[in-house]
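Below: the structure, in structure tokens.
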Amino acid sequence: MNVQILWPTPLFTHDFTESQLDSWRTRAVSLLLPDEQLLNLYGHRPWCTTDLLHEDPVWADMASAIMSAANQALDSMAILREDAFITTMWINAQYQQSNHTAHTHPNSILSGCLYLQAPEHSQHIRFFDPRPQNSVVYLRKAIVEDHLVVTPIEGRVLMWPSWLLHSTESNSSHQLTKPRISVGFNIMIRDTIHSHSSRIRFGY
Ligand SMILES: [Fe+2]
């Protein structure tokens, strides 16, 4: 029997080297608020840098490494393009457990999260089946059900199509022993759009 898989949804992972991870984590830790402030952030929300970190020469090596992985992902999806670039890149840090409700990343092709520090009990990320009709019958499946939970691993980057619904969830009530530090980013391409479209203007 032959099968044709239609409209697959890729989730890419790539593990950076220990030396890359050490260098980026040391640099990120040096930016953090003092512990007493980081421990008491209003509403348990994460502390974030500016989302234009990719324009800071200090982070050029990390931006370049992320773009290299992103281009491999775009090649894998056979997305034709003249170029690809980071539109936003920022660092999140938090001691407290918190949830980030299900969302997508508009005006992007590819989005991702790189974990620089992921202590025990760190929040995991949950991806949702993008086919709403698939919930008509909840079948037991051996591969993936209607969601996929991914545990953060230090030095690992996850990348997915930006339209894919995902959330970040605490998996325990424990306060973390050190901050969970992650890098979020969005990627867009330059190319000719082959149908009518409004021009997207980025805010820079
Ligand atoms: Fe997100």
Query raised in the report: What pairs can you find where one residue is in the range 46-67 and within 12 Å of PHE185 (Cα to Cα), the other is among the hydroxyl-bearing types (Ser, Thr, Tyr), and their Cβ atoms are less than 6 Å apart, with a gap of 6+ or different chains?
Result: ASP51/THR88
Requested in this report: Give me a count of the residues in the range 24-43 that are exposed (fewer than 13 other Cβ atoms within 10 Å of the Cβ) and not in a helix (DSSP H, G or I).
Outcome: 2
Query raised in the report: Within the range 91-104, how many residues turn out to be surrounded by fewer than 20 Cβ atoms within 10 Å (Cβ to Cβ) and within 11 Å of the ligand (Cβ to nearest atom)?
Result: 5
Report task. Mind listing just one residue for me: the one in the range 128-169 that is surrounded by 13 or more Cβ atoms within 10 Å (Cβ to Cβ) and among the polar types (S, T, N, Q) and, of those, modelled with the lowest pLDDT? Result -> THR168
Query raised in the report: So which of SER98, SER108 ends up being within 30 Å of THR192 (Cα to Cα), among the hydroxyl-bearing types (Ser, Thr, Tyr) and in a loop (DSSP other than H, G, I, E, B)?
Result: SER108
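Within the range 53-66, is there a residue that is at pLDDT 95 or above, surrounded by fewer than 19 Cβ atoms within 10 Å (Cβ to Cβ) and touching a strand residue (DSSP E or B) at 6+ places or on another chain (Cβ under 8 Å)?
So far as the range 53-66 goes, no, none of its residues is at pLDDT 95 or above, surrounded by fewer than 19 Cβ atoms within 10 Å (Cβ to Cβ) and touching a strand residue (DSSP E or B) at 6+ places or on another chain (Cβ under 8 Å).
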Query raised in the report: In this structure, does ALA65 turn out to be part of a strand (DSSP E or B), over 13 Å from the mean Cα position of the chain (by Cα) and closer than 29 Å to LEU33 by Cα?
Result: no
Query raised in the report: Do the conditions hold for SER108, that is, is it among the polar types (S, T, N, Q), within 20 Å of TRP47 (Cα to Cα) and in contact (Cβ under 8 Å) with a residue 60 or more places away in the chain?
Result: no
Query raised in the report: Could you count how many residues in the range 105-127 are loosely packed, with under 15 Cβ neighbours inside 10 Å and either of a type in the set (Val, Ile, Thr) or within 12 Å of the ligand (Cβ to nearest atom) (or both)?
Result: 1
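The values are calculated or read from the model by the stated rules, or taken from the named source; none is laboratory data. Note that the structure is predicted; figures quoted are calculated from it, not measured. Heads up, the Cβs are rebuilt from the backbone with ideal geometry, glycines too, and the neighbour counts pull from every protein chain shown.
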